[in-house]
Amino acid sequence: MNIKKFVKQATAVTFTTALLVGGGTSAFAKGNDSQSYKEDYGFSHITRFDALKIPQQQTSEQFKIPQFDASTIKNIPSAKGLDANGNVIDLDVWDTWPLQNADGTVADFKGYDVVFGLAGDPKKGWDTFIYLFYKKKGDNSIDAWKNAGRVFKDSDKYVPNDPILNQQGEEWSGSATLTSDGEVRLFYTNRHGWDPAHGFFGKQTLTTAQINVSEADSSTLKVDGVEDFKSIFDGGDGKIYQNVDQAFGGGDYSDNHTLRDPHYVEDNGRKYLVFEANTGTETGYQGDDSFFNKAYYGGSNKFFENEKDKLLLSPKKSLATLANGALGIIELNDDYTLKTVMKPLIASNTVTDEIERANIFELNGKWYLFTDTRGAKMVVDGIGPEDIYMLGYVADSINGPYKPLNGTGLVLHQDLDPKDITWSYAHFAVPQVKGNNVVITSYMTNRGFFEDHKSTFAPSFVVNIKGSKTSVVKDSILEQGQLTIK
């Protein structure tokens, strides 16, 4: 047992008892020095000091996701599938990611742009599987996108003798790279079903496969099956990243466990996956002990004391207790098996339990790390449930330390009504071959809200990156789903 941590937890119980018997805030003030500590665990943190400045900052045009003309938004014409009765239906398409080169730029696959995306029946939230969309390079209209169908057959998961993969219920998002030998390598999230009575808690596992894609004719791509289909990482022993048993094994299902969205990147020939996660028992685990760690707060000692006391009395205290979102990193062997589990690149203890869509690339000698998050998951005064964010961080090396872009980490903000068809999420920064601009892709329209409007490619737009500053480029709205600019 970690005696130091045990003493801190015992003190926390004493303080909680003092509050319950009427000690109020004075009970906390009396013993702060004996209880507070500062431990960053050797990586960067999204601090409360920075997060609390976001509500004032987000009103600037520099960070606003452009307003789109709803009358111009189209469903993806090729996004067709079959319902349970074999009838052709329009599919929702939400999280998408392009086939990329190792440096993050968009790959050229035999003259095509290739995008993988989650799609499914709008009436069935659990119908979540990966489809392959493609178009000839140069034609950026949404009508140009064709659909090669589902990437995996239902039976593919049974081919390898992989006990995790064999129990897969859904396919969640990830990334894809065009390898040096011209193969399409997909990384995604294998998600088990939710059936606690039979020991299934929606387990998420980082998973990979080689996707065999051929050109059937001069304008058609098709999936010819998959190879080397296998699990990579499921959280391990829970010391560095929380595993599903830690989150739900005790029978309490109030936690928000994440181990998903693997993003492939290379640095000097070494292969990595950066992914959404939660911290483990040796990297700053969730719990009441978090409230007393100055490293999670930032700012002055006075700020720490005041903000800590507010959190301890907050109606959202229980959410803050569980908040330990992280962007993790693992190194892979050349055969895409797990080589090394590394410490997180950044974590968000006491701020939010969920930082999604890990995205990382090198630009002008700096490493840029992006993530999406929802205000509904955040425990920050001034941030509401309809707020949507992309946050970003910059470092001199892939392992950090990472500092917030624009002073706080804010890159993009939106606060539309979720029932607005131009509401968008899963914003993803695509680096370009030249220049300091990135194209932002996303999906638009929440699932199942409308009869005629499905979740679809949102119009892309451009963000400029200059050192530690970013800004939305004025009048830069592009076609729905567009990936590149000249």
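A few remarks follow.
- Net charge of Cβ neighbours under 12 Å - reference Gly299; Lys, Arg +1; Asp, Glu -1: +2
- Residue-averaged [θ]222 nm for the chain, counting only DSSP H segments that reach four residues, each worth -39500 (n - 2.57): -3000 deg cm²/dmol
- Taking other residues whose beta carbon is less than 15 angstrom from the beta carbon of Gly407, and scoring Lys, Arg as +1 and Asp, Glu as -1, yields +4.
- Measuring with a 1.4 angstrom probe and ignoring ligands and nucleic acids, Ser231 comes out at about 30 Å² accessible.
- Ranked by the mean number of other Cβ atoms within 10 Å of their residues, highest first, the peptides 455-465, 109-119 come out as 455-465, 109-119.
- Fraction of C-alpha pairs exceeding 19 angstrom in the range 234-355: 50 percent, rounded to a whole number.
- C-alpha long axis of helix 3-18 to longest principal axis of the chain, angle in °: 70 degrees
- Size descriptor, Kirkwood hydrodynamic radius, that averages inverse alpha-carbon separations across the range 187-256, Å: 14.6 Å
- Cβ-placed point charges (K, R +1; D, E -1), dipole of the chain about Cα centre in debye, nearest 20: 1160 debye
- Cα gyration tensor shape for the range 342-486, rounded if a/c is under 1.5, else prolate or oblate: oblate
- Sorted largest first, extent of the range 388-432 alpha carbons per principal axis (Å): 40, 24, 15
- Radius of gyration and Dmax over the Cα atoms of the range 36-178, both given in Å: 20.3, 61
- Compactness of the range 92-131 as Cα Rg over 2.2 N^0.38 Å, two decimals: 1.42
- Percentage of interatomic Cα-Cα distances in the range 90-248 larger than 24 Å: 37 percent
- Here, the range 116-187 is characterised by an Rg to Rh ratio of 1.02, where Rg is the alpha-carbon radius of gyration and Rh the Kirkwood radius.
- Counting all C-alpha pairs of the range 61-140, share separated by more than 21 Å (%): 46 percent
- Principal axis box of the range 155-304, alpha-carbon based, largest edge first, Å: 67, 43, 25
- Reachable lysines from Lys454, criterion Cα separation under 22 angstrom, eight or more residues apart if same chain: Lys74, Lys80, Lys123, Lys124, Lys135, Lys146, Lys419
- Paramagnetic label zone (point 7 Å from Cα along Cα-to-C-beta, Asn436; backbone N under 17 Å) in the range 457-471: 462-471
- Cβ-based charge dipole, the range 70-229, positive-most Cα from Phe109, Gln204, Phe129: Phe129
- Nearby lysines by direct alpha-carbon distance to Lys469 (threshold 23 angstrom, same-chain neighbours under 8 apart not counted): Lys53, Lys64, Lys366, Lys403, Lys434, Lys486
- 1.4 Å probe accessible area per residue over the chain, in Å²: 41 Å²
- All Cα-Cα separations within the chain were binned at 10 Å from zero, giving a P(r) of 4, 20, 30, 27, 13, 5, 1, 0, each value a whole percent of the pairs.
- The chain: angle of helix 301-313 to the longest principal axis, Cα-based, in degrees nearest 10: 80 degrees
- Of the solvent-accessible surface of the chain, computed with a 1.4 Å probe and all protein chains present, 50% belongs to carbon and sulfur.
- Local electrostatic count, Leu178, Cβ distance below 9 Å [Lys/Arg +1, Asp/Glu -1]: -1
- Ranked from largest, the principal axis spans of the Cα set of the range 425-486 equal 43, 23, 18 Å.
The values are calculated or read from the model by the stated rules, or taken from the named source; none is laboratory data. Note that the structure is a prediction, hence the values are computed from the model and not measured. Because the Cβ atoms are built from the backbone with ideal geometry, glycine has one as well, and the counts that use them run over all protein chains shown. Ligands, DNA and RNA are stripped out before the accessible areas are found, and what is left, the full protein with its side chains, is counted by its heavy atoms. Shrake-Rupley method; radii C 1.70, N 1.55, O 1.52, S 1.80 Å.
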